[in-house]
Amino acid sequence: MTEKEEEARLDMIETENLTRKFGDLTAVDNLTLRVDEGEVFGFLGPNGAGKTTTVRMLCCLISKTSGSARVGEFDVGKEEDALKIRRIVGFVPDNVGLYDSLTAYENLDYYGTLYRRTDSQRKESNEYFLKMLGLWEKRDTMAGTFSKGMKQKLAIARALVHDPEVIFMDEPTANLDPEASKGVREFILELKREKKTIFLNTHNLDEAERVCDRIGIMNTKLMAVGTPEELERSVRGRRTEIQLRQVTDAILDSLKKLKLRNLVREGNKLTVDVVNPEEENPDMVSAIVGAGGRVESVTVAGSTLEDAYLKLVRDAP
Amino acid sequence: MSTWMPWKIAQKEMKVLRRKKSVISYIIALPLILSVLFSLVVQNDIVSSSGLSPDYQLGLDSLTYFFVVFAAILPASIAAYSIVGEKIEKSLEPLLSTPTTDGEILLGKSIAAFLPPMLAIWAGASIYMAATDYLTYGLLSHLYFPNLTSGVMLFLLAPLAGIFSVELAVIVSSRVSDVRGANQAGGLLFIPFMAVFLSAVEGTIPFDAETLLIFSGIVLVADVALFFVSTSTFRREEILTKWK
Ligand SMILES: Nc1ncnc2c1ncn2[C@@H]1O[C@H](COP(=O)(O)OP(=O)(O)OP(=O)(O)O)[C@@H](O)[C@H]1O
Ligand SMILES: [Mg+2]
């Protein structure tokens, strides 16, 4: 393998036992995590889980207490790497933090300046993003007069003016109405198509499921990490619900012979844990019919990301 | 075009200031109003048909000194405005995530807080001094201004006072979350500068270039001391974890 290829294989973000304490309070506890290049990584967790603290450490905004972290090829916490990291990351804070008395264009342009872009680079990217967001007509309007959705999109664009390798977004759709959230989500998906690495803090499960390749569930400690499907499966298998006209002892006896897991009877409804519903459901139905039962409906309830999330967050010590 | 980052930051700050009519009129108007007012005082109270009043030197120098007092007050208001303003808009955090250093940001904001009031003060003082020369030349048969005392006041003591003012505002801004609180702290600077003035009027200390040089030295020492406090207050880590 050449050196170049080896470099390309590097994960974009890597942390090992990354920890941050505020006095006696541990906000982030031994976080070990990897995010691949081009991946949209969702960082999911309840209020106070340490999401913002993690992102602030990774952007070299605040120091770490212990552990190590790398962004791109630079070390978090190394004095001379802090500027280099900030040069390759884009950061969208939980509060948009635009300058209300600067126009949309001036807000973007100022950040272009801070990232030391040339006049022509800035002109080009300002126009590109404002047009992409449908804000070109409003480029000379003060950002303070924008709706929350417009502000949020502008704040994301502001984090992109220097074409960063990694974008950290802290709850970009919190406080937005469904329509505005959708706009922001589409923007994120657009960035995903451009193969940007995105680290997305959120407590919106639906959003995480829709846009993220992998999700980490955080509650001071990292509770689980995986694709949305892996997390769903990790909580428990799925459950089959069978609605019968009448449950009889004969039916229950013949079902017991199938060695089912967690068979529960609720009136005339039976629920069973299944691993492989395609195989197990027909067996159950024929056992029921063989015992003289009549099946009204069979439904498979999959566990959702929400189940996984709630279980992990609630079961935390 | 300059590529010096603090200057670019200062330019943006001054652009925001220009859009805040109340702030800009306060900075520009005060020294100018003062210059007109003081010229009238010279005309009515110091110059009369019988000649100059006997303590005219103290009178003219005292009026010049008021420009120094404003140099101690105005920059603090602007610095507080630009820092507390960013706190309110929550725009400091994204700003700190860019590859600018804390020092560049602090210096940029300081320049923007220092330069406009200082220019306004110099302009106001120039008007006052020109008017005074015009009114007194016939009686003195030499130009009273510029002289050493006013030079020390305007080009040494006033800038040093302005720097002190900015530094104090930075420190106060980290503790308060509204501009008024920071303004009040800036107003506190009024006290030491007025104390020097009153002692001079009372005759406790002479009001000459030498005394003003000593006072400038004291302010310089205070500037250096506050520099270290203000730069350690204005650090990313502090701003994001300790500022209220
Ligand atoms: N500057 C600070 N000083 C003291 N404690 C802090 C500070 N910042 C964060 N914390 C604490 O660290 C913990 C994690 O906070 P953090 O803001 O990272 O959580 P979060 O996951 O982003 O939550 P949210 O969803 O509410 O944004 C919380 O208990 C919080 O009170
Ligand atoms: Mg947060």
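The values are calculated or read from the model by the stated rules, or taken from the named source; none is laboratory data. The shown structure was predicted, so the numbers you read here are calculated from the model rather than taken from an experiment. Reconstructed Cβ throughout: ideal geometry from the backbone, glycine too, with neighbour counts over all protein chains shown. Surface areas here come from the heavy atoms of the whole protein model, side chains and all, with no ligands, DNA or RNA. Shrake-Rupley method; radii C 1.70, N 1.55, O 1.52, S 1.80 Å.
See the values below:
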{"item": "Residue match in the stretch B:158-171 (condition: open to solvent by 80 Å² or more (accessible area, probe 1.4 Å) and at pLDDT below 95)", "result": "no"}
{"item": "Matching residues, the stretch B:221-244, being of a type in the set (A, V, I, L, M, F, W, C) and either under 17 Å from B:Ser110 (Cα atoms) or within 14 Å of chain A (Cβ to nearest Cβ) (or both)", "result": "B:Ala222, B:Val224, B:Ala225, B:Leu226, B:Phe227, B:Phe228, B:Val229, B:Phe234, B:Ile239, B:Leu240, B:Trp243"}
{"item": "Of residues in the stretch A:40-59 being within 11 Å of chain B (Cβ to nearest Cβ) and more than 6 Å from ligand 1 (Cβ to nearest atom), the one most open to solvent (accessible area, probe 1.4 Å)", "result": "A:Arg56"}
{"item": "Subset of the stretch B:189-239 (residues that are within 16 Å of ligand 1 (Cβ to nearest atom) and open to solvent by 30 Å² or more (accessible area, probe 1.4 Å))", "result": "B:Arg235, B:Glu237, B:Glu238"}
{"item": "Complete set of residues in the stretch A:195-207 that are more than 14 Å from chain B (Cβ to nearest Cβ) and either on the phi > 0 side of the Ramachandran plot or within 13 Å of ligand 1 (Cβ to nearest atom) (or both)", "result": "A:Lys195, A:Leu200, A:Thr202, A:His203, A:Asn204"}
{"item": "Enumeration of residues in the stretch A:153-172 that are open to solvent by 10 Å² or more (accessible area, probe 1.4 Å) and either away from ligand 1 (no atom under 16 Å from the Cβ) or under 23 Å from A:Leu102 (Cα atoms) (or both)", "result": "A:Lys153, A:His162, A:Asp163, A:Glu165"}
{"item": "Test for B:Tyr144: is it of a type in the set (Ser, Thr, Tyr) and either outside any helix (DSSP H, G or I) or surrounded by fewer than 20 Cβ atoms within 10 Å (Cβ to Cβ) (or both)", "result": "yes"}
{"item": "Enumeration of residues in the stretch A:157-170 that are under 15 Å from A:Gly112 (Cβ atoms) and either in contact (Cβ under 8 Å) with a residue 40 or more places away in the chain or not assigned by TED's automatic domain parsing to the domain that holds A:Tyr128 (or both)", "result": "A:Ala157, A:Arg158, A:Ala159, A:Leu160, A:Val161, A:His162, A:Pro164"}
{"item": "Every residue from the stretch A:111-147 that is within 12 Å of another protein chain (Cβ to nearest Cβ), in a loop (DSSP other than H, G, I, E, B) and open to solvent by less than 60 Å² (accessible area, probe 1.4 Å)", "result": "A:Tyr115"}
{"item": "Single condition B:Tyr26 does not satisfy, out of (1) without any contact (Cβ under 8 Å) to a residue 12 or more places away in the chain; (2) open to solvent by 50 Å² or more (accessible area, probe 1.4 Å)", "result": "(1)"}
{"item": "Matching residues, the stretch A:24-39, being in contact (Cβ under 8 Å) with a residue 40 or more places away in the chain and either within 14 Å of chain B (Cβ to nearest Cβ) or near ligand 2 (Cβ under 9 Å from one of its atoms) (or both)", "result": "A:Ala27, A:Val28"}
{"item": "Members of the stretch A:60-105 found to be open to solvent by 50 Å² or more (accessible area, probe 1.4 Å), outside any helix (DSSP H, G or I) and within 8 Å of chain B (Cβ to nearest Cβ), listed by number", "result": "A:Ser63, A:Asn95, A:Asp100"}
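Matching residues to (1) within 22 Å of the chain's Cα centre (by Cα); (2) open to solvent by 10 Å² or more (accessible area, probe 1.4 Å); (3) without any contact (Cβ under 8 Å) to a residue 24 or more places away in the chain:
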site: B:Ala71; (1), (2), (3): yes, no, no
site: B:Ala79; (1), (2), (3): yes, no, no
site: B:Glu89; (1), (2), (3): no, yes, yes
site: B:Pro94; (1), (2), (3): no, no, yes
site: B:Lys109; (1), (2), (3): yes, no, no
site: B:Ala112; (1), (2), (3): yes, no, no
site: B:Met118; (1), (2), (3): yes, no, no
site: B:Trp122; (1), (2), (3): yes, yes, no
site: B:Met129; (1), (2), (3): yes, yes, no
